[in-house]
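Enquirer: Below are the structure tokens for one structure; questions will follow.
The values are calculated or read from the model by the stated rules, or taken from the named source; none is laboratory data. It should be emphasised that the depicted structure is a prediction, and the values quoted were computed from it without experimental measurement. Note that we place each Cβ from the backbone using ideal geometry, even for glycine, and neighbour counts take in every protein chain shown.
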Amino acid sequence: MAQQQLSESLWELKETAKWARDPVEKKTAIKNLSARGEEALPLLEEVLTVTAYDDIRSTCEEAIRSVREKNSSSSSQTAEKGKGSDISTGSSGSATEKSKADTKKEKEKEKDTASASTAAGKSKGSSGKLADLPP
């Protein structure tokens, strides 16, 4: 029964945000919806699609952004707590080290390719531009 009352109040907030005549009342309903968290996201998106007023749209967009930011920050904190701070730091550090190593390898390959094309271009008497190389 408590779940049914909660759903009704979400529905009432959505309807108020969509159809109230007073813009302040609409904005208040949107803010109350955003306080409900992730379960209110579809309702906020529905309000966003039906409203024609820019100030209500911006309030709705801010509320959606806020809920998503809270959701992403809470999920990342939960993941860190589950892994333990030492483990998560070590794994992200090794991923960073791998990406740095990959970047270094790519740069070395580019240098090798550029120097090889320049050497080939000089032997042919061209300017050494990549565009001068045959396909």
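Enquirer: Among the residues of region 1-54 satisfying the criterion of being farther than 24 Å from residue 72 by Cα, of a type in the set (Gly, Ala, Ser) and in a helix (DSSP H, G or I), which is modelled with the lowest pLDDT?
Expert: 2
Enquirer: For residue 91, indicate whether it is hydroxyl-bearing (Ser, Thr, Tyr), at pLDDT 90 or above, surrounded by 10 or more Cβ atoms within 10 Å (Cβ to Cβ) and in contact with a helix residue (DSSP H, G or I) (Cβ under 9 Å, 6 or more places away or on another chain).
Expert: No; evaluated as a whole, the condition is false for this residue.
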